[in-house]
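Asks: Below is a structure I'd like to ask you about.
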Amino acid sequence: MIDEPGILVAEAVAQWPEFDLEAAEWRIPAERMKMKAAHIVPLSSQAIEVIEQLRALNGYSKWVFPNQANPAKCMSENTMLYALYRMGYHSRATGHGFRTTASTILNETGFRADAIERQLAHVEPNKVRGAYKQGRISARAPPDDAGLGGHARRHGRKR
């Protein structure tokens, strides 16, 4: 999942009904997106596995990531940033940096630029092309051996 800037803000406020695991999609509502357009994130089998594990832990809350002190609220947008700090990445890594890393890896491994840009929720700069390019095919998830899940598996992450 390549998500919006500001340290994984969409994840912090994600709610369970947004996830359709059978369709392997996370549908982020327009009101939470910077450009005010709904965004569909295709989910790999690895992402679905993690989401199912999270549901077992947090399914009691409407939030995928509830606030630890008050489960009626979502996790703070700063929680992930502070976690990076505690892991020793202060001033060396940010949530937005993960978007950069994902884009770099996907571009270097031959993924279609249109698909990468769509998953980064970037708007087509050519207004005419954008008006006619409405298909969802370019946003579909690649096979599980491709993309970031496959990259992690090939470069040391064991399942």
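The values are calculated or read from the model by the stated rules, or taken from the named source; none is laboratory data. This one's a predicted model, so the numbers in the text were calculated from it and none came from an experiment. Using ideal geometry, Cβ is built from the backbone for each residue, glycine included, and neighbour counts are taken over all protein chains shown. Heavy atoms of the whole protein, side chains included, go into the accessibility calculation; ligands, DNA and RNA do not. Shrake-Rupley method; radii C 1.70, N 1.55, O 1.52, S 1.80 Å.
Asks: Could you grab me the full set of residues in region 1-18 that are at pLDDT 75 or above and open to solvent by 30 Å² or more (accessible area, probe 1.4 Å)?
Replies: Q15, P17
Asks: Right, here's the next one. I'd like to verify a number: residues in region 23-54 that are open to solvent by 20 Å² or more (accessible area, probe 1.4 Å), out of contact with any helix residue (DSSP H, G or I) (no Cβ under 8 Å at 6 or more places or on another chain) and in a helix (DSSP H, G or I), how many?
Replies: 8
Asks: Residue by residue through region 35-92, note down the ones that are at pLDDT 90 or above and acidic (D, E).
Replies: Correct list: E49, E52.
Asks: Is it the case that some residue within region 91-104 is among the basic types (K, R) and either open to solvent by 70 Å² or more (accessible area, probe 1.4 Å) or without any contact (Cβ under 8 Å) to a residue 40 or more places away in the chain (or both)? First the steps, then the outcome.
Replies: Applying the first criterion (among the basic types (K, R)) to region 91-104 yields 92, 99.
Then keep just the ones that are either open to solvent by 70 Å² or more (accessible area, probe 1.4 Å) or without any contact (Cβ under 8 Å) to a residue 40 or more places away in the chain (or both); that gives 92.
Scanning region 91-104 turns up at least one residue that is among the basic types (K, R) and either open to solvent by 70 Å² or more (accessible area, probe 1.4 Å) or without any contact (Cβ under 8 Å) to a residue 40 or more places away in the chain (or both).
Asks: Shifting gears a bit: Could you grab me the full set of residues in region 55-111 that are assigned to a loop (DSSP other than H, G, I, E, B) and among the hydroxyl-bearing types (S, T, Y)? Don't jump to the end; show me each part of the working.
Replies: The first filter runs over region 55-111 and keeps only residues assigned to a loop (DSSP other than H, G, I, E, B), leaving 59-62, 64-65, 67-73, 75-78, 90-94, 109-111.
Of everything in region 55-111, those that are assigned to a loop (DSSP other than H, G, I, E, B) and among the hydroxyl-bearing types (S, T, Y) turn out to be Y60, S61, S76, S91, T94, T109.
Asks: Among the residues of region 73-108, which ones are farther than 17 Å from E11 by Cα and in contact with a helix residue (DSSP H, G or I) (Cβ under 7 Å, 6 or more places away or on another chain)?
Replies: Residues satisfying the conditions are A93, S103, I105, L106, N107.
Asks: Follow-up. Of all the residues that make up region 97-141, how many are of a type outside the set (F, W, Y) and modelled with pLDDT of 75 or more?
Replies: 22
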